[in-house]
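The structure appears right after this line, and notes come after that.
The values are calculated or read from the model by the stated rules, or taken from the named source; none is laboratory data. For clarity, every value in this text was computed on a predicted model and none was experimentally measured. Backbone-built Cβ (ideal geometry, glycine too); neighbour counts: all protein chains shown. The accessibility values were calculated without ligands, DNA or RNA, using every heavy atom of the protein model including side chains. Shrake-Rupley method; radii C 1.70, N 1.55, O 1.52, S 1.80 Å.
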Amino acid sequence: MQPAHKYLSNLTTLRGIAAIWVIVFHFQTLICQFVLPQQSLLIDKGYLMVDLFFIMSGFIICHVYNQSFLTGITMQNFKKFIVARFARIYPLHFFTLICMIILVAAGNGWNNIDDPKAIPANIFLLHSFGLNKIFTWNVPSWSISAEWWAYMVFPVLAIFMHRRKALAIMSLALFVVLAYMAIMYWLPRHDPFDPTAVVPHDLDSTFDYGFLRGLAGFISGMLLYRAYEVGMGNRFFQNDLTALIFIIITLVCMHFGVNDFLYILLFIALVYTFAVNSGKLNAICNNRVLQYLGKISYSIYLSSVFLFLIIILGVKKLPGVKYTEYTHTSGFWLGLAYCIAFLIIHIGISSLTYYKIEKPCRKYINAKWGKETMPVYA
């Protein structure tokens, strides 16, 4: 069994890359489309990075907290766990929500996305349960809602997997498959902007069935951790060539836009590969810049709303971008230059929110109510 709380630095880098990918996806969707779908779907499939987040989350939460619940759930161990998770995700979520409410109230007023009626659902992290007919306020935070409720059931799932290993693995694996199939093919999803449109068979559910998507990914990560604990396939997955092959396959599949369920399998393999590798991949992942991006990845993911609002409400139109009623496109190199500039500025903003909001709030809450300091990567 792996040593408890061993720092998985490779996953920190993977998390940073995934966060940057999500931002590029949103940039292309909201600001400037510089890679057309007929050229490549590599960026347009960026919404799937959230599923990678969920899988990594289930894996890392098991890595850090699994031992805490093996003998059962007590008020003390559950409190420490929930306080630590609350301290990790809620302060920045609440800060961005309050900032958006102030900005919208002082600006253009309310609309379907910035709906005052949706504020309670956002405050109580219920906005991935389909309570509203569209995603609301800080849109990426729907995944924080899904993540929180996965935390709430984690202790029960951890005990189940410990006490009834075979039954737990089979039943939870079946649940994961059925949940993903339901999101893609069976549940009555709709386009919030055009209710008559046919929704593609993908995993891009957010405000509607995002909680199910989050739980399926989180449990996938927990199941993967069982394999990691016993060292299943370590010799194969820790090989640099194996890592390279899985990375290339994932990129090629995203380029061509294959069925979304395949990415879940690829992401599971990637997380395992990154977790166990100690070769050249590990050396690359321990680059200071990549580690820093991973460290502030939550701020990168959740704080992008500020810069997007500045451009959408303030700048409105970028020179060289062609605007029509439904599109905003540019040449590749101009769009790439805009995107890089956006990322540089956004990383600066994310650094501020990390050091001024996220980190001090987490430290204060854990010290006051959790009585311990949890590992940063958790």
In nm, to one decimal, how far is the HIS162 label point from the HIS201 one, both placed 7 Å along Cα→Cβ? 4.1
Distance cut-off 31 Å, Cα to Cα: go down the list LYS45/LYS316; LYS6/LYS363; LYS45/LYS79; LYS317/LYS359; LYS45/LYS165 and report the pairs above it. LYS45/LYS79; LYS317/LYS359; LYS45/LYS165
To make sure I understand the rule: partners must be aspartates and glutamates, Cα under 12 Å from the Cα of LYS295, and not fewer than 8 residues away in the same chain. Which ones qualify? GLU358
Neighbour net charge for LYS356 - beta-carbon separation under 15 angstrom, K R +1, D E -1: +3
Please give the helix 210-230 orientation as an angle from the longest Cα principal axis of the chain, in degrees from 0 to 90, rounded to the nearest 10. 40
Protection proxy ranking of 185-192, 95-102, 271-278 - average other beta-carbon atoms within 10 Å, highest first: 271-278, 95-102, 185-192
Percent relative contact order of the chain, based on C-alpha pairs within less than 8 angstrom and at least six residues apart? 33
Rg and Dmax [Cα atoms of the stretch 1-145; Å; Rg one decimal, Dmax integer]: 18.4, 56
Starting from the Kirkwood Rh over alpha-carbon pairs, what translational D in µm² s⁻¹ does the stretch 124-222 have by Stokes-Einstein at 20 °C and 1.002 mPa s? 150
Heavy-atom accessible area per residue, the chain, 1.4 Å probe: how many Å²? 46
Return a whole-number percent for the relative contact order of the stretch 238-378, with Cα pairs under 8 Å and 6 or more residues apart as the contact set. 22
Alpha carbon Rg of the stretch 258-366, scaled by the compact-globule rule 2.2 N^0.38 Å: 1.40
Normalised by the empirical 2.2 N^0.38 Å for globular proteins, what value does the Cα Rg of the stretch 157-293 take? 1.22
Considering Cα pairs under 8 angstrom that are at least six residues apart, work out the relative contact order of the stretch 111-150 and quote it in whole percent. 44
With Cα springs under 10 Å, the Gaussian network model of the chain assigns the largest mean-square fluctuation among GLN33, GLN76, GLN67 to GLN76
What fraction, in whole percent, of alpha-carbon pairs in the stretch 117-182 exceed 19 Å separation? 48
Ignoring ligands, DNA and RNA, what percent of the 1.4 Å accessible area of the stretch 252-311 is carbon and sulfur? 71
Taking the alpha-carbon centroid of each part, what is the distance from the stretch 116-145 to the stretch 200-240 in angstrom? 24
Between helix 49-65 and the chain: long-axis angle, C-alpha atoms, 0 to 90°, nearest 10: 30
Where in the stretch 1-58 are there trypsin sites (Lys or Arg not before Pro) that are in a DSSP coil and have at most 13 other Cβ atoms within 10 angstrom of their Cβ? LYS6
Based on the mean of other beta carbon atoms within 10 Å per residue, what is the order of 151-163, 239-251, 291-303, most packed first? 291-303, 151-163, 239-251
Run the 1.4 Å probe and let me know the accessible area of LYS356, rounded to the nearest 10 Å². 140
With Cα coordinates, the longest principal axis of the chain makes an angle with the long axis of helix 142-163, in degrees rounded to 10, of 10
Diagonalise the Cα gyration tensor of the chain and give the resulting equivalent ellipsoid semi-axes, square root of 5 times each eigenvalue, largest first, whole Å. 32, 24, 22
Residue among ILE169, ILE159, PHE207 farthest towards the positive dipole end of the chain, charges placed on Cβ: ILE159
Of ASP202, ASP194, ASP260, the one that fluctuates the most in a GNM where the chain has Cα springs shorter than 10 Å: ASP194
For HIS328, list long-range residues whose amide hydrogen, built 1.01 Å from N in the peptide plane, is under 5 Å from its own amide hydrogen. GLN33
What does the charge dipole of the chain about its Cα centre add up to, to the nearest 20 debye, if the Cβ of each Lys and Arg holds +1 and the Cβ of each Asp and Glu holds -1? 1320
